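Have a look at the structure below, then the notes.
The values are calculated or read from the model by the stated rules, or taken from the named source; none is laboratory data. Everything numeric here is computed off the predicted structure, so don't read it as measured data. Cβ placement follows ideal geometry from the backbone for every residue including glycine, while neighbour counts extend to all protein chains displayed.
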């Protein structure tokens, strides 16, 4: 495997030379989940995992699982050829509402957790990408809500293994429940313990108290890759990884590429975009 | 297959054609419209297709494209979108270049049974696997003011027939001529090879005329500001958007608006686009 050498290398591979295997994936996300219109909350992160779309939206995962590039809900990009690396050149998108689109690798997910249970609720599973001391830096723990939980304000923490392989670390408490933090598709990122920079595994999550409604929430371990921001809804935007910094992110074999949206308002976005990839062995 | 070999060749652009199109919009986009097809907008307007037909570079309405013995790639985009009637009704937007693969019209905004007029869609002549091929409902004559939903019955990329899309809004704010409504797929799917029927949830109140368009997005180009012209390079600045232009491609534009302020407006007009298409090798 070798790094992309220069712009000549990039343009040659983008146009199919040198086994570049260029892949341009158009994607579409509608502002609905099934027959229900989606809603965002200003200043909060929303998951587009279940949004209707092309490729189609995903579903609540149920038992813990490690999604990959065949999982419904992801972009379903092809894997790089044996011995090659896949690189993301950029994402161009029309985002109908102001905010920031986040492209991430969905490493692990689980649902079926209860907004009324006060015991440590097991997460478990095994992360298969960005899963060691050198690579798990940047992994984030997200609470993801699949069925609305209760109106009682509580906090939540996670017990996890950090980038040094130290188990039993506890995230800082994050607010959960009540308006803005109980709705479906809401993502609540959990700040790591002081000094930590990554996550190798998540053992469990614990509520400080009952939110009042069991609902259904889960844990997603995410590795953010790239953001596309728009201050004016409906004005096309481009995140060019070729000329911008940080430069082209690697897309690991089996990556489950998915989107979240940091909303500036309460109207859910419709997103139409294209993601461009090349390979180099 | 002949790729662009290096940056020097890319910059020298020895074998190229420039595709130009100028559109004066006359169909009101309407507040609430997300996407507006320029297919039937003058100059060089296409028309409502009627019977199902495959589209190619000779279809009236397509950007003028010459085939090449080698492979061709769109490398530069110059876009300008003028203030409609000298008054700005939107702030900016997005221009999406698409390959129009197959289309039909003659569907009725008041019929509530599964509509098969001029369906199924004609066979794909390009992107025949269906992966990345999207279906949209395209309005050729205003539908009614009552908002309804529509689903399509289609064949996916496997190919498996009898798939049912998610419902999309039609009529109401999505009723004006030119409205272009992408249709999200059934869970698990990532493309469309054919559409068999369209079903409305109820009458929109006006028959009008609408149809199904199968298309493949090729590039998404920002329109940062109405009234100004912008030049974008596919390699530097557009995130590696150097789409291959297939032989006989039927290139057309779909535009999205930012900040539409009026219920009856052209959005922006005129729309002028130049694409430099370069031959590889």
Any residue at all in region B:140-155 that is over 28 Å from residue A:38 (Cβ atoms), in a strand (DSSP E or B) and touching a strand residue (DSSP E or B) at 6+ places or on another chain (Cβ under 8 Å)? yes
Given (1) surrounded by fewer than 23 Cβ atoms within 10 Å (Cβ to Cβ); (2) under 20 Å from residue B:101 (Cα atoms); (3) more than 10 Å from chain A (Cβ to nearest Cβ), number of the condition residue B:206 does not satisfy: (2)
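Select, from A:245, A:226, the only residue that is within 14 Å of chain B (Cβ to nearest Cβ) and not in a loop (DSSP other than H, G, I, E, B).
Being within 14 Å of chain B (Cβ to nearest Cβ) and not in a loop (DSSP other than H, G, I, E, B) holds for just one of A:245, A:226, which is A:226.
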Restricting to region B:59-85, count the residues that are in a strand (DSSP E or B) and surrounded by 18 or more Cβ atoms within 10 Å (Cβ to Cβ). 10
Residue within region A:5-13 that is within 14 Å of chain B (Cβ to nearest Cβ), in contact (Cβ under 8 Å) with a residue 12 or more places away in the chain and part of a loop (DSSP other than H, G, I, E, B) present: no
Hey, among the residues in region B:220-231 that are surrounded by fewer than 24 Cβ atoms within 10 Å (Cβ to Cβ) and either in contact with a strand residue (DSSP E or B) (Cβ under 6 Å, 6 or more places away or on another chain) or within 22 Å of residue B:7 (Cα to Cα) (or both), which one's nearest to the other protein chains (Cβ to nearest Cβ)? B:224
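Having 2 or more residues that are within 14 Å of another protein chain (Cβ to nearest Cβ) and either more than 27 Å from residue B:257 (Cβ to Cβ) or modelled with pLDDT of 95 or more (or both) is the bar; report the strands (runs of 3 or more DSSP E) wholly within region A:19-100 that clear it.
So the answer is A:23-29, A:85-95.
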Given the condition over 30 Å from residue A:17 (Cβ atoms), modelled with pLDDT of 90 or more, within 12 Å of another protein chain (Cβ to nearest Cβ) and surrounded by fewer than 24 Cβ atoms within 10 Å (Cβ to Cβ), answer yes or no: does some residue in region B:253-267 qualify? no
Test set (1) surrounded by fewer than 22 Cβ atoms within 10 Å (Cβ to Cβ); (2) within 14 Å of chain A (Cβ to nearest Cβ); (3) in contact (Cβ under 8 Å) with a residue 24 or more places away in the chain - residue B:112 fails condition number: (2)
